[in-house]
Structure formats: C-alpha cells, structure tokens
1. Expressed as a rounded percentage, what relative contact order does the chain have, with Cα pairs under 8 Å and six or more residues apart?
2. Quick one: Kirkwood hydrodynamic radius for the stretch 1-114, alpha-carbon pairs, angstrom, one decimal?
3. Would you mind telling me the share, in percent, of accessible area of the stretch 1-159 contributed by carbon and sulfur at probe 1.4 angstrom?
4. Looking at Ala9, Pro168, Ala190, which one has the Cα that reaches farthest to the positive end of the dipole of the chain (charges on Cβ: Lys, Arg +1; Asp, Glu -1)?
5. Each label point is 7 Å from the Cα along the Cα-to-Cβ direction; what then is the distance between the points at Met35 and Leu180, in nm?
6. Not counting ligands, DNA or RNA, and with a 1.4 Å probe, what is Phe64's accessible surface area in Å² rounded to the nearest 10?
7. If I model a spin label at Thr131 and Gln223 as a point 7 Å from the Cα along the Cα→Cβ vector, what separation in nanometres do I get?
8. Which residues' amide hydrogens lie under 5 Å from the amide hydrogen of Arg106, considering only partners 5 or more residues apart or on another chain, with H built in the peptide plane?
Amino acid sequence: MRTLHGWLAFLFAIPLILASLSGAMLGFARESDRMFNVDLLGAPMSSAPPLSADAWIDAARRAFPDRRIIGLAPAATPVDAALLLMVDREGLRHEVFIHPRSGEIRGQRAIDDGYFAFAYTLHTALLLDDTGRWLARIAAIGLLVTTLSGLLLRSRAMARGVAARIHPLLGLTTAPILLLIAASGLVFLAWQPGYGSTPRMAITAPAEAITLHSAQDALEALQKTHPTHAPRWITALDAERLSLVCDTPNHAGTLGTRRLTWQRDSGLLTSDADSTPAKGEVLYNLHTGELLGMPGRLLWVMASLAVPILILGGIASRKARLKQAHHE
C-alpha cells in the first residue's frame, strides 16, 4: 500500500500541485482582483443617490455602441463599481465597470484579462483548453485516490523521523476537506451545473445570450416583493423574462442564494421549474468552501496549500525511511 500511495502521488504530482495552488488562488480571487485593480473595480465615495440600472445601461451603450449587454451585476458595496457584461461583434465578452452614482465608465477589460479569470482557467483547464480539462479531471481523481490510500496507510504503525511523522499527521488533518474538494470537483467538471460566484457567471455566460432589457423594472419589483434579497446577477432568459440571482440574508456562506424570474406581465416569481441551478450552487459552495462562509474559505485554502507540502513531505518521508533502512 505504501508503494501504491507513493506512485500515485508521483504520477499525479504536477497536475495536483497546479490544481491545488490555483484553487488556493481562487479562494480569495475576488478580493485579490479588487485589491490589484481598485481603480477599475472600485467607485469613489459619493453622496449622490444611486442611478438606475437603465442609466448604467444607457451609459455603457453610449460608450460602446457596437456591443450588446447580456449581463449586469449591481455594486456589492457603496465603494464598488457596477459590472455590465458586454459582447462585441466578434462574440468576445468584455467587463465594463460603471460608477453606480455618477454613471462614469471606470474602465473595461476583456473577460479573460482579470485575475479571477486567469486563476479560474488555470484551475479548471491548466491553461490548456480541452486537454487541460482532462488533466484537471485526472488531478481530481489523483487527489481522491491518493488521499484515500493515505488514510489506509495511516492505520499502520508510524515510522520514526520528523518527516515521517508530520506527513501522515498533515494528511490526516486535511483529508476530510481534500476528499470533499476532489469529489465535488469531479462532479462539477462532469456536470457543469448552474451558477456560482459573479465572476464565474461572467466567464461562463454564453456570447449568444439574449440582450438584457428592463433591468430597472426587475430590480424595483425585487425591492417591492423581496426587500431583503440582494441582487447579484441579472441576465435575460428571453424577450419577456429576466433571471435574477440574489443573496438572502441570515444564511451560512452563500447557501442562501436564490434564482428568481421576473416577467413583464406577472412581476417577480420564484423559479421552481428549474432546480438545477440551486443544486449547482450548493455543489459550487461545497467545492470552494463558501458553504461555511469566510471560515470555510480559509479552511479550504489552507487544505489546498497543504497538497504541495504533502507531496514534498512524502518525498522527505521516503528519503528518511530509506536512510533508516540503510543504517539498520
């Protein structure tokens, strides 16, 4: 079993290290993006009342008349810019950031240029498109079987030496989280469900999506019927309906995310017909740790960072055992 465990770790070492480090990057990618690009994503404090979503859309259309607007994310805090997702004539997606109170265009970038997009692409495809997606699946399988084989080894008597003791201890501590990450990652890669964070929704939004319409009417209906819901993402389902992804208050992590459908003739309704996005949201939150809020994100990031340490510790442990066997 020890030989099998060592070979598994050796074979999967490179994709495991890349996937784990990029997963740790994703843990706080939104905050990092905000920190590195504060002039783009931020909005200076202003005492002016917020403009309507329609005013944001008009400002973006005036600035980029050759693009369609297919998604909108209202500002999450008073110092954040609102995000409009636009598609040009070539089908390329762009993020346009607007000051929610002044209507100033803070800037724009291609969807692939952001920090989150880089970390997300590295994590899910290792920057290698379809080949990388298969390698990511292999990495998830490797993490699953390596962790399970390590747990089986843990039942044996511990060898002498610091490296030989720290390695199984760290593996045992992080094993439950790593198993959750590996299993949920495999399901997520195979299923590609629902929605997740706002940056992910922008990255995975189809370029042929329907042009956004009547966003302000939908937000006003949301405020009237669900005043405690905070809108996260708005996109069009068809010419008569909008989909609103919202956060509900007093929930653990992002488990309280709800998708509502606004219709021109009947107002805002809960979308009971499509349960897949809700299941996908739970799976996404389980994989990222957001199911437990900030403590979960911290734990998941630390467990991800433990993977390369475990691989290096395994190498050191093997050397220690060989050295011990040589002296005996």
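1. 20
2. Roughly 16.4 Å, rounded to one decimal.
3. Here it works out to 63 percent.
4. With unit charges placed on the Cβ atoms, the residue in question is Pro168.
5. Computed distance between label sites Met35 and Leu180 equals 2.4 nm.
6. We get 40 Å² for Phe64.
7. So the label points at Thr131 and Gln223 sit 5.2 nm apart.
8. Those qualifying (amide H under 5 Å, at least 5 residues apart or on another chain) are Phe97, Ile98, His99.
The values are calculated or read from the model by the stated rules, or taken from the named source; none is laboratory data. All figures in this text were calculated on a predicted structure; none of them were measured in a lab. A quick note on method: Cβ atoms are made from the backbone with ideal geometry, for glycine too, and the neighbour counts reach across all protein chains shown. Note: accessible area is taken over every heavy atom of the protein model, side chains too, but ligands, DNA and RNA are not part of it. Shrake-Rupley method; radii C 1.70, N 1.55, O 1.52, S 1.80 Å.
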